[in-house]
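A.B. asks: What follows is a structure written as structure tokens; I'll ask about it next.
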Amino acid sequence: MAEKVLLIDDEVEFLEALSERMELRGMNVTTAETAGNAVTALDTNEYDAIVLDLQMPDMNGIDMLKVIKKSHPEMQVILLTGQATLEAGIQAMKLGAMDFMEKPADIESLTEKIRKAQAKKMVIVEKKTADKVNDILKSKGW
Amino acid sequence: MTQTMNTREGLQFFGRVSASVSHEIKNVFAVINEAAGLIEDFTLMAERGVPLQPERLKNAANSIQGQIKRGDSIIKNMNAFAHSTDEGVREVNLVEILELTTALATRLADMQQIRLTTGDCEPVSLSANPFDLTRLLHSSIAAAVDNLDAGDTLSVSVKPVNGGASFSLSVPGKDAPLKSDESFSSLAQAMNVSVTMDEDSRAAVLFLRAQ
């Protein structure tokens, strides 16, 4: 199944080229140039993974990560940034980011991480569904 | 003590500009990396029998050329900024220094969704310390941007006035007050620059006296 990816970055040419390369690798990619557009995309579509820049005009990547994790806790987020510091990486991982990559990134490493993200999200969603079913069964005395 | 503080604040400013420039260059490399990667992808596909699409190749090549121009401009500005520390006080072309500062501060404005432009300027040169002047103008742009809303346009310009020069920071249709900033105020004071609001144009005005 094609991985559904939301790519968030304010560099339009970067978004265009990277999304085209990811689509050539069989992925289904949506792009957002601002945090606002990303939130709208998240509200209206399902994604397996998000690739997020750390610096954007309307919201920094760490704050965006918090927003995503609050509304979609199971979402797997990979930070892809030119501003890669160890501190930012540690902070992002503490906030629930799945991984942290520095620009310019190797496309094969990125697609590999996206595939892992899809698998990880699927496990989390399946576990959540199983827990829900168990809760319903328990509440009915089964 | 004051000298040490000035040196430290000057270094901090140099560091901030360098960090911003290095981030922009990283972005340039990132676009080139993806565009070149796209050309490689098309080539690999062609080897497997998928017909090459010249238009897509051309777009990727154009993107690389555009980013190289962008990178060259960023490096030229950084080089001019680095050389602003070569001498102390010298004759400075204020239009050139304003254009350089505007270029260096564009990313800062972009991050707050403010469009930064150089308005109509009149040729003027004065004896000044180019590094301190760049720092003062950059700080004034930062102080103005902090008081604006996303979508605003901040226009900066310079013209000769009474043997000195006046830098103007204006926003169409609204006041352009500078956010109070101790570092900016003390630098303006040290450089004998007065900061006022022009009630007619609603612009913040920095008046630099001839030394």
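A.B. asks: Going by what's in this entry, would B:LEU169 be described as touching a residue at least 24 places away in the same chain (Cβ under 8 Å), in a strand (DSSP E or B) and not polar (S, T, N, Q)?
C.D. replies: So B:LEU169 fits the description; yes.
A.B. asks: Output the residues belonging to segment A:74-88 that are farther than 22 Å from A:ALA119 by Cβ and more than 14 Å from chain B (Cβ to nearest Cβ).
C.D. replies: A:LEU86
A.B. asks: Inside segment A:2-41, can you point out the residues that are outside any helix (DSSP H, G or I) and touching a residue at least 40 places away in the same chain (Cβ under 8 Å)?
C.D. replies: Of everything in segment A:2-41, those that are outside any helix (DSSP H, G or I) and touching a residue at least 40 places away in the same chain (Cβ under 8 Å) turn out to be A:GLU3, A:LYS4, A:VAL5, A:LEU6, A:LEU7, A:ILE8, A:ASP9, A:ASP10, A:GLU11, A:ARG25, A:MET27.
A.B. asks: May I ask you to list the residues in segment B:172-211 that are in a strand (DSSP E or B) and in contact with a helix residue (DSSP H, G or I) (Cβ under 8 Å, 6 or more places away or on another chain)?
C.D. replies: Passing the criteria: B:VAL193, B:SER194, B:VAL195, B:ALA204, B:LEU206, B:LEU208.
A.B. asks: If you scan segment B:10-27, which residues turn out to be surrounded by fewer than 16 Cβ atoms within 10 Å (Cβ to Cβ) and among the polar types (S, T, N, Q)?
C.D. replies: B:GLN12, B:SER18, B:SER22
A.B. asks: Is it the case that B:LEU44 is surrounded by fewer than 16 Cβ atoms within 10 Å (Cβ to Cβ) and over 30 Å from B:ASN129 (Cβ atoms)?
C.D. replies: yes
A.B. asks: Moving on. Of all residues in segment A:35-73, how many are among the charged types (D, E, K, R), more than 14 Å from chain B (Cβ to nearest Cβ) and closer than 25 Å to B:GLU34 by Cα?
C.D. replies: 1
A.B. asks: In addition: Would you call B:ASN162 at pLDDT below 95, at positive phi and more than 14 Å from chain A (Cβ to nearest Cβ)?
C.D. replies: Considered against the rule, which asks whether it is at pLDDT below 95, at positive phi and more than 14 Å from chain A (Cβ to nearest Cβ), B:ASN162 comes out as yes.
A.B. asks: Can you find a residue in segment B:115-122 that is over 18 Å from the mean Cα position of the chain (by Cα) and surrounded by fewer than 18 Cβ atoms within 10 Å (Cβ to Cβ)?
C.D. replies: Within segment B:115-122 (the criterion being over 18 Å from the mean Cα position of the chain (by Cα) and surrounded by fewer than 18 Cβ atoms within 10 Å (Cβ to Cβ)), the answer is yes, since at least one residue qualifies.
A.B. asks: Would you confirm, using the coordinates I've provided, whether A:ASP53 is within 18 Å of B:MET111 (Cβ to Cβ) and crowded, with 22+ Cβ neighbours inside 10 Å?
C.D. replies: Taking the combined requirement at face value, the residue satisfies it.
A.B. asks: Among the residues of segment A:51-60, are any free of Cβ contacts under 8 Å to residues at least 24 places away in the same chain and within 28 Å of A:ARG21 (Cα to Cα)?
C.D. replies: Yes - at least one qualifying residue is present in segment A:51-60.
A.B. asks: Output the residues belonging to segment A:1-39 that are at pLDDT 95 or above and of a type in the set (Ser, Thr, Tyr).
C.D. replies: If the condition is that a residue be at pLDDT 95 or above and of a type in the set (Ser, Thr, Tyr), then A:SER19, A:THR30, A:THR31 are the ones that fit.
A.B. asks: Would you confirm, using the coordinates I've provided, whether A:LEU24 is out of contact with any strand residue (DSSP E or B) (no Cβ under 6 Å at 6 or more places or on another chain) and more than 28 Å from B:ILE114 (Cα to Cα)?
C.D. replies: Spelling it out, A:LEU24 is indeed out of contact with any strand residue (DSSP E or B) (no Cβ under 6 Å at 6 or more places or on another chain) and more than 28 Å from B:ILE114 (Cα to Cα).
A.B. asks: Within segment B:73-80, does at least one residue satisfy the condition of being of a type in the set (Ser, Thr, Tyr) and more than 9 Å from chain A (Cβ to nearest Cβ)?
C.D. replies: Yes, segment B:73-80 contains a residue that is of a type in the set (Ser, Thr, Tyr) and more than 9 Å from chain A (Cβ to nearest Cβ).
A.B. asks: For segment A:47-141, list the helices (runs of 4 or more DSSP H) that sit wholly inside it and hold at least 3 residues that are more than 15 Å from the chain's Cα centre (by Cα) and of a type in the set (A, V, I, L, M, F, W, C); which are they?
C.D. replies: Of the helices (runs of 4 or more DSSP H) lying wholly inside segment A:47-141, those with at least 3 residues that are more than 15 Å from the chain's Cα centre (by Cα) and of a type in the set (A, V, I, L, M, F, W, C) span A:86-94, A:107-139.
A.B. asks: Hey, among B:ALA30, B:ALA61, which residue is outside the structural domain of B:THR134 (by TED's automatic domain parsing), part of a helix (DSSP H, G or I) and surrounded by fewer than 16 Cβ atoms within 10 Å (Cβ to Cβ)?
C.D. replies: After applying the criteria, what remains is B:ALA61.
The values are calculated or read from the model by the stated rules, or taken from the named source; none is laboratory data. Only a predicted model underlies this, so the values are computations on that prediction, with no experimental measurement involved. Every residue, glycine among them, receives a Cβ derived from its backbone with ideal geometry; neighbour counts consider all protein chains shown.
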